[in-house]
Amino acid sequence: MIINDKNQNDIFDEMEIDYVFSNNPINRIHKIDEQENKTQLLVDLEKKIQNIENCELKKNAKKIVFSDGKQDSKIMIIGEGPGQKEDEQGKPFVGEAGILLNNMLMAINIRREQVYITNVVNYRPPNNRKPEPKEVTRYSEFLREHILIINPTILVLLGSTAMEALLGYKLKITKARGIWKEVIIKNKVYKTIVSFHPAYLLRQPEQKKFSWIDLKEIKKEIDRSNIKI
């Protein structure tokens with residue numbers, strides 16, 4: 001079955017492993033150094049966010065919700081902000097919306113642990129409200145630094161808050177979703193696509209058909225870019 005034959009509820013869990021043999025020595029030291037450096041940069045960024053002052057989000061939250069997933073992944077997913085479950089566990093997308101996200105990824109043969117996930121704001125807004133523009137602006141500085149550290153090939157922005165944080169407030173998600181755009185951060189260009197947030201899809205299940213279109217487009221770009229998952 002090919003990707004176009006599947007519907008939005010099809011979930012596959014199949015891994016293909018290619019073995020390549022060579023007599024040449026493998027230079028692992030450089031890769032290890034890069035990984036250690038990225039890990040330290042992420043630790044430093046998380047501490048920087050934890051030390052933020054005069055923040056209503058931080059004041060009312062239980063835990064910082066920094067990230068989850070594979071830090072050397074070429075796919076970075078950005079949501080809005082933590083909900084109650086995320087605030088309790090300190091991990092993004094672990095509630096009902098997280099379960100739906102996992103299923104959405106599996107529908108295009110991607111397991112959650114194969115991507116890198118974060119949010120625009122790292123602390124739960126009171127009463128699960130939408131982050132205010134001033135909060136989005138403040139945390140966007142950290143988000144851009146986060147993107148530079150991960151340096152993904154593909155950015156997936158889930159929901160209007162993530163879209164507004166990186167693409168501005170003039171766009172409407174109903175018109176912006178499913179269209180590839182470029183986000184430029186310090187002269188680095190990131191191929192970016194917007195789609196609906198899973199929490200929105202739980203409230204508006206009839207919109208899942210559009211998210212399925214977006215997922216298939218992401219899968220096509222993964223194949224076009226020869227991204228190894």
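Every read-out reported here was derived from the displayed coordinates using simple, explicitly stated rules and does not represent laboratory data. All values derive from a computational prediction rather than experimental measurement. Heads up, the Cβs are rebuilt from the backbone with ideal geometry, glycines too, and the neighbour counts pull from every protein chain shown.
The GNM of the chain, with springs linking C-alpha atoms under 10 angstrom apart, assigns the highest mean-square fluctuation among Gln114, Gln207, Gln84 to Gln207.
The order of Tyr190, Tyr139, going from fewest to most other C-beta atoms within 10 Å of their C-beta, is Tyr190, Tyr139. Straight-line cross-link partners of Lys48 among the lysines, defined as a Cα under 16 Å from its Cα and at least 8 positions apart when in the same chain: Lys38, Lys58, Lys59, Lys63.
Considering only DSSP beta bridges where both residues belong to the chain, give the percentage that are antiparallel (nearest 5). Display every interim value, and only then the final one.
Working: 7 of 20 bridges.
Of the beta bridges lying entirely in the chain, close to 35 percent run antiparallel.
Here the sum of -39500 (n - 2.57) over DSSP H runs of 4 or more residues, divided by the residues of the chain, equals -13000 deg cm²/dmol at 222 nm, to the nearest 500. When each of Tyr200, Tyr116 is scored by the number of other beta-carbon atoms lying within 10 Å, the sequence from fewest to most is Tyr200, Tyr116. Compared with the direct C-alpha span, the chain from Ile227 to Asp44 gains 63.1 nm at full extension, assuming 0.36 nm per residue.
When Asp214, Asp44, Asp87 are sorted by how many other C-beta atoms sit within 10 angstrom of their C-beta, beginning with the fewest, the order is Asp44, Asp214, Asp87.
Convex hull volume of the Cα atoms of the range 27-224, normalised per residue: 124 Å³. Highest average first, the peptides 183-189, 106-112, 218-224 ordered by how many other beta carbon atoms sit within 10 Å of their residues are 106-112, 218-224, 183-189. Contact order, relative form, for the chain: 22 percent (alpha carbon pairs under 8 Å, 6 or more residues apart, mean separation divided by residue count). Backbone geometry of the range 119-133 corresponds, through the Karplus equation with coefficients 6.51, -1.76 and 1.60 at θ = phi - 60°, to 3J(HN,Hα) couplings of 10, 5, 9, 9, 10, 5, x, x, 6, 6, 5, 6, x, 6, x Hz, x marking Gly and Pro. Each DSSP beta bridge with both residues in the range 153-229 is either parallel or antiparallel, and the antiparallel ones are about 50%.
Need one number: % antiparallel among DSSP beta bridges in the range 37-171, to the nearest 5. Beta bridges within the range 37-171, antiparallel portion: roughly 20 percent. With Cα atoms defining each centre, the range 72-129 and the range 163-229 are spaced 15 Å apart in the structure. Counting only residues at least eight positions apart within a chain, or on another chain, the aspartates and glutamates with an alpha carbon under 17 Å from that of Lys175 are Glu164, Glu206, Asp214, Glu217.
Based on Cα contacts under 8 Å between residues 6+ apart, the range 48-127 shows a relative contact order of 47 percent. Spin-label model, Gln207/Leu171: points 7 Å from Cα along the beta carbon direction are separated by 1.5 nm.
Could you list which residues have their amide H under 5 Å from that of His197, counting only those 5 or more apart in sequence or on another chain, with H placed in the peptide plane? Here Gly159, Ser160 satisfy the definition.
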